[in-house]
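Single-structure report; data block below.
The values are calculated or read from the model by the stated rules, or taken from the named source; none is laboratory data. Keep in mind the model is a prediction, meaning the values are calculated, not measured. Heads up, the Cβs are rebuilt from the backbone with ideal geometry, glycines too, and the neighbour counts pull from every protein chain shown. Quick note on the areas: whole protein, heavy atoms, side chains included, nothing else; ligands and nucleic acids left out. Shrake-Rupley method; radii C 1.70, N 1.55, O 1.52, S 1.80 Å.
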Amino acid sequence: MTATTHLPTATILGYPRLGRRRELKRAIESFWKGHTDEAALQETAGELRAATRARLVELGLPAEGGAVPESFSFYDQVLDATLALGAIPQRFADIAGSDLITYFALTRGDRDHQPLEMTKWFDTNYHYSVPEIDESTPLAANPAQLVAQLAEAAEQGIESRPVIVGPVTYLLLAKASDGAGEGFRPIDRLDEVVGVYAELLAALNEAGAGWVQLDEPALVSDSLPVPRSETIALVERAYSILGGAAARPSILLTAPYGDAADALARLGSLPVEAVHADLVRGSLPEADLASGALTSAFAETQLVAGVVDGRNIWKTDLRAAFGALERLQRAGIDVVAGTSNSLQHVPHDVRDETRLDVELASWLAFADQKIEQVVILARGLADGGAAIEAELAAVDAILAARAQASGVRVDGVRGRVDAVTVADRERDHEGERRAAQQGLGIPELATTTIGSFPQTVEIRKARAAFGRGEIGQEEYDGFLRDEIARVIRLQEEIGLDVLVHGEAERNDMVQYFAELLDGFAVTEHGWVQSYGTRATRPSILWGDVSRPAPMTVSWSAYAQSLTDRPVKGMLTGPVTILAWSFVRDDQPLADTASQVALALRDEIDDLVDAGIRIVQVDEPALRELLPLDADRQAAYLDWSVGAFRLATSGAAADVQIHTHLCYSEFGEIIDAVDGLDADVTSIEAARSRMDVVEPLGEHGYSRGIGPGVYDIHSPRVPSVAEQQELIRIAAARIPGEQLWVNPDCGLKTRGYEETVASLTNLVHAARAVRAGA
Ligand code: GLN
Ligand code: ZN
């Protein structure tokens, strides 16, 4: 092994990757459209990487010693690992062209290839490309990209730290390919995969890397294919081997997104040079700290203490964070100040926000401010607490002012939440509702969509022009009404049964509501990657929430006035509004959720008064917020399901409540889905080829269900035959009157041409199955 270097006292695990102004998104999308070539894309990517490294150093991370992580991906860090391992599923073996062409083909698919599945990364709103592994998936180290980036950094005078998803997490997040033998599990190939990691480490060592970061968030999760105790044992096995490799960089093993306290001493004893612990979601192992076991485990290992929260945008209480660091330091542990996880989940810089209320802005920390906070803590570690007392006191003052600020606690809102009764969360019995909803005239295998239609260039232009004041309210509303009329006509032509207004007025399914509710603020540049080139701009929920006026009624009522078929009113549910916003951290989520639920309850009342008979309350994030830690799951499901029910239970029996959930790992929370008590639930299913229907069948699920038959995450147009086959698979398990036919998700990211073709095929497929085909 090369001489062990020493991590400086400050580091982070990663930084936002699309660029301060989403430069990478634009470059990649222009490459996809064929407007630019691969060389141009590579050049932009290189410039972005250089700018990121320079920025991290400018913010105070040392340029030497591996404190600066390589924070870059063309699409996704799990897909990066797939390429680095050469684990290209055989069904993609015929893709010709560069690594980058293969890379994009894996995750986007093309005419002849279904893309890799995509699913949520731990309990975040980030999605990764699920590796497909079987007994014969090839494995061969491909360190080219890692080595190239290292060389770029060195040229810049920065000794950076390559970052790779670790072997155990990689395999536990993989799925067995369709062709795998009965009972095969990707994790069965751990030893082989570890061998390939050893080769990657050797190549990095050769290229001069002092450090490498291997991310093992699997360490904190109870929601993986093996019990957590086994995960820990697998990590020990993998890192004993990797640590023993002859020529390798120093290894930083990380455990973000949750609590690994019970395993920390064991991790510290591994032959790696540094271990990271998430001390925001997780905790310190008090007993091991008191007994000295932690100190001995970390005698030769650095501990990167993730005390600055990388999941939200609030300033960290520096005094408390420093207290934790000092305790570790006093225990004789070589401690490094760090973030709880990669900053890829927060926006760049509060200083870019020129329109935020100044007082609110003073409470916030985006990625750059988080790094500044880490650097302050590191200074305290190096020079003692007195050296940073002024900074600690400044944060104390900010937190005190925040607690007292107007709008943070509103008596009227709190009184209403306190008065909520059990009955407020109950609808009429399911059977009564089914009878009362007969009047809607909905056929078997009813066809519908998830709500949004393509957000065209024209829609974006009109919204931007309205935002800049170039067109007035009246003109903008007129434009949106024309758009609604067009979408209604189109759906009638295609022959869908339950129509939607298309959501043209919404820039985003949460922000739209955030802008109309009290207690929220929106940002200008607060983009956060959700998958690939896609980013969302979460709103900031900072105060007590209430609804000053109806939010969606005029659009839905207008749409319904244009057609005899039922139009679904479309709302975003309380859990999703929380999950996709940056939520106040000064009270339990459950309390905040009740406030949002009551606002939505009033909205449903108003929709029904305006003649809407079906209301969909989307909860795509329901599973996303599910704690990784099994002990906390029941309490979560209780309040999240309760919030949905509070929002929807004001609806009379003849009002059909739909919900939409955006994932396919359904078995895990099927009881919760049952608990939502929605009349109809649509879910993602096409990519996993209806894996979801089996648990539904077993469960004896009795309400309406629409497993998506058209994968909207790819531009591919699914044929009639393909969708018909998926409907048939579902119909074999679920009675026709319960089964709905719909795409996987909303259509806002798609183009019109592929959308019309796909929906037309969908309607034909449903008709064919209805006719017995
Ligand atoms: N109604 C939303 C839409 O169609 C739902 C989107 C989602 O689930 N993410 O866009
Ligand atoms: Zn969805």
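A few points about this structure:
- The Cβ shell under 14 Å around V194 holds other residues with a net charge of -3, Lys and Arg each +1, Asp and Glu each -1.
- In this simple spin-label approximation, R22 and E58 carry label points 7 Å from Cα along the Cα→Cβ vector, and these lie 2.2 nm apart.
- Within the range 1-91, GluC sites (Glu not before Pro) in DSSP loop having at most 15 other beta-carbon neighbours inside 10 Å: E64
- The stretch between A148 and E135 holds 1.6 nm of extra length on full extension. This uses 0.36 nm per residue minus the Cα-Cα distance.
- Stokes-Einstein translational diffusion, the range 588-732 - Kirkwood Rh over all Cα pairs, 1.567 mPa s, 4 °C, in µm²/s: 79
- Relative to the globular-protein estimate of 2.2 N^0.38 Å, the Cα radius of gyration of the range 104-192 stands at 1.32.
- For the range 409-465 versus the range 328-403, the spacing of their alpha-carbon centroids is 40 Å.
- Each label was represented as a point 7 Å from its Cα along the Cα-to-Cβ direction; for R489 and A394 these points are 5.9 nm apart.
- Applying Stokes-Einstein at 37 °C and 0.692 mPa s to the Kirkwood radius of the range 44-175, computed over alpha-carbon pairs, gives a translational diffusion coefficient of 206 µm² s⁻¹.
- Theoretical FRET efficiency, 1/(1+(r/R0)^6), r = Cβ-Cβ of E43 and I101, R0 22 Å, to 0.05: 0.85
- Loop-located trypsin sites (Lys or Arg not before Pro) in the range 401-473 (DSSP state not H, G, I, E or B) with no more than 16 neighbouring Cβ atoms inside 10 Å: R409, R468.
- Computed in the context of the full set of protein chains, the accessible area of the range 267-353 at 1.4 Å probe radius has 48% of its extent on carbon or sulfur.
- Here is the result for the range 598-676: no chymotrypsin sites (Phe, Trp or Tyr not before Pro) lie in DSSP coil with at most 16 other C-beta atoms within 10 angstrom of their C-beta.
- For the chain, the Kirkwood hydrodynamic radius comes to 27.2 Å, computed from all pairs of different C-alpha atoms.
- Cα gyration tensor category, rounded, prolate or oblate, for the range 135-174 with a/c compared to 1.5: oblate
- log₁₀ of I(q)/I(0) at q = 0.16, 0.30 Å⁻¹ - the range 558-616, Debye sum with one point per alpha carbon: -0.59, -1.21
- Rounded to the nearest 10 Å², the accessible area of K25 at probe 1.4 Å: 30
- With all protein chains modelled, accessible area of S296 [1.4 Å, Å²]: 80
- 1.4 Å probe accessible area per residue over the chain, in Å²: 36
- Cβ-Cβ FRET estimate between E236 and I670, R0 fixed at 51 Å, reported to 0.05: 0.95
- Positive minus negative residues near E70 (Lys, Arg vs Asp, Glu; Cβ under 14 Å): 0
- Annotation: extensible slack from E444 through R416 equals 6.0 nm (criterion: 0.36 nm per residue apart, minus Cα-Cα distance).
- Carbon + sulfur, % of accessible area of the range 195-263 - ligands and nucleic acids excluded, 1.4 Å: 52
- Beta-bridge orientation, the range 439-553: approximately 75 percent antiparallel, per DSSP, counting only bridges with both partners inside.
- Neighbourhood charge, 12 Å Cβ-Cβ cut-off, centred on D638 and excluding it, Lys, Arg +1 and Asp, Glu -1: +2
- Alpha carbon centroid spacing (whole Å) that separates the range 94-110 from the range 27-42: 14
- Calculated over the range 196-321: convex hull of Cα atoms, volume per residue (Å³): 125
- Across every direction, the projection of the convex hull enclosing the Cα atoms of the range 53-127 has a mean area of 7.1 nm².
- For the range 492-545, the gyration tensor built on C-alpha atoms gives an oblate shape. Its axis ratio a/c (a ≥ b ≥ c) is at least 1.5, and a/b is not larger than b/c.
- To the nearest 10, the accessible area of H429 is 130 Å² with a 1.4 Å probe.
- For the pair R460 and D482, the difference between a 0.36 nm per residue extended length and the Cα-Cα distance amounts to 6.5 nm.
- Between the range 746-767 and the range 280-308, the alpha-carbon center distance in angstrom: 53
- Average Cα contact separation per residue, the chain, under 8 Å, 6 or more apart, as relative contact order %: 12
- Taken over the range 702-773, the ratio of Cα radius of gyration to 2.2 N^0.38 Å equals 1.07.
- Each semi-axis of the equivalent ellipsoid for the range 517-616 is √(5λ) with λ an eigenvalue of the Cα gyration tensor; in descending order they amount to 27, 18, 11 Å.
- For the range 466-510, the ratio of Cα radius of gyration to the globular rule of thumb 2.2 N^0.38 Å stands at 1.36.
- Taken along the Cα-to-beta-carbon direction at a fixed 7 Å, the label points for R355 and R330 span 4.8 nm.
- Efficiency of FRET between D605 and E432 - r from beta-carbon atoms, R0 25 angstrom, step 0.05: 0.80
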